[in-house]
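See structure below.
The values are calculated or read from the model by the stated rules, or taken from the named source; none is laboratory data. Because the structure is a prediction, the values reported are computed rather than measured. Cβ atoms come from the backbone with ideal geometry, glycine included; neighbour counts cover every protein chain shown. Calculation scope for accessible area: heavy atoms of the full protein, side chains included, ligands and nucleic acids excluded. Shrake-Rupley method; radii C 1.70, N 1.55, O 1.52, S 1.80 Å.
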Amino acid sequence: MSMIHEITAGIGAYKRKQRKGRGESSGRGKTCGRGTKGSKARVGTYIKPTYEGGQTELFRRFPKRGFSNENWEHRYYIINLSDLAKFDAGATVDQAALQEKGLVPDDKLPVKILGNGEIGKKLTVIAKWYSKSAHKKITDAGGVVQNLRSETFEFPKPKKKFIQREGVPKKSKKVAAVEEEAPAAEGEKKE
């Protein structure tokens, strides 16, 4: 390694901070290097990164598109079956018990049990929601799965899908409306 490198390596590393506003003759007095007037010259100003000097910002010039489910999504504290190994056989596992063991930080959100891992103990688990695999593993181990009301947890029944009958042609809304109006008009003519 050359001696020049050793000499220049520390240069600029410990640069003295410039003290501003110590008289006009210091070169950094009066306006302290900020120039004159304008929002950048004022004290305590913050200019957001998207600001374009009063012109409509780029993100506001584009149209809104799509839909976000963020406001309506269900949020849970997630617990896996492998986490329930901390409990003794026959124990009741609810939000308070999980909080006591440090698996859940607080009771602001409900708990959802997922089926990652195995369970070999009989536990009474009380939670808001379960994955189907977790539900099956807990019941197969002889445990009890309950909802927040301490009732047996059941998955909702699947919704029935509309099935178009065969041989019946589909009618458009316009055709159906015209067919309804036609008999009414014929009845008026007969009278």
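Residues of the stretch 124-150 being assigned to a loop (DSSP other than H, G, I, E, B) and farther than 17 Å from His74 by Cα, which ones?
Of everything in the stretch 124-150, those that are assigned to a loop (DSSP other than H, G, I, E, B) and farther than 17 Å from His74 by Cα turn out to be Ala141, Gly142, Gly143, Arg149, Ser150.
Can you tell me which residue among Arg42, Arg22, Arg75, Arg61 is basic (Lys, Arg) and closer than 30 Å to Lys137 by Cα?
Only one candidate passes the filter, namely Arg75.
Every residue in the stretch 16-33 that is at positive phi and under 49 Å from the mean Cα position of the chain (by Cα), please.
Within the stretch 16-33, Gly21, Cys32, Gly33 qualify.
Out of Ala96, Ala41, Ala85, I need the residue that is without any contact (Cβ under 8 Å) to a residue 40 or more places away in the chain and more than 32 Å from the chain's Cα centre (by Cα). Which one?
Going through Ala96, Ala41, Ala85 in turn, the sole match is Ala41.
Mind listing whichever residues of the stretch 85-110 are closer than 21 Å to Gly142 by Cβ and of a type in the set (Val, Ile, Thr)?
If the condition is that a residue be closer than 21 Å to Gly142 by Cβ and of a type in the set (Val, Ile, Thr), then Thr92, Val93 are the ones that fit.
Within the stretch 92-109, how many residues are in a loop (DSSP other than H, G, I, E, B) and either among the basic types (Lys, Arg) or surrounded by 15 or more Cβ atoms within 10 Å (Cβ to Cβ) (or both)?
5
Condition (residue is open to solvent by less than 100 Å² (accessible area, probe 1.4 Å), among the small types (Gly, Ala, Ser), part of a loop (DSSP other than H, G, I, E, B) and touching a Lys or Arg at 6+ places or on another chain (Cβ under 8 Å)) applied to the stretch 22-39: is it met by at least one residue?
Taking every residue of the stretch 22-39 in turn, at least one turns out to be open to solvent by less than 100 Å² (accessible area, probe 1.4 Å), among the small types (Gly, Ala, Ser), part of a loop (DSSP other than H, G, I, E, B) and touching a Lys or Arg at 6+ places or on another chain (Cβ under 8 Å).
Which ones in the stretch 145-170 are modelled with pLDDT under 95, closer than 19 Å to Ala96 by Cβ and open to solvent by less than 80 Å² (accessible area, probe 1.4 Å)?
Passing the criteria: only Ser150.
Is it the case, given these coordinates, that Lys121 is open to solvent by less than 100 Å² (accessible area, probe 1.4 Å), among the basic types (Lys, Arg), at pLDDT below 95 and assigned to a loop (DSSP other than H, G, I, E, B)?
Yes.
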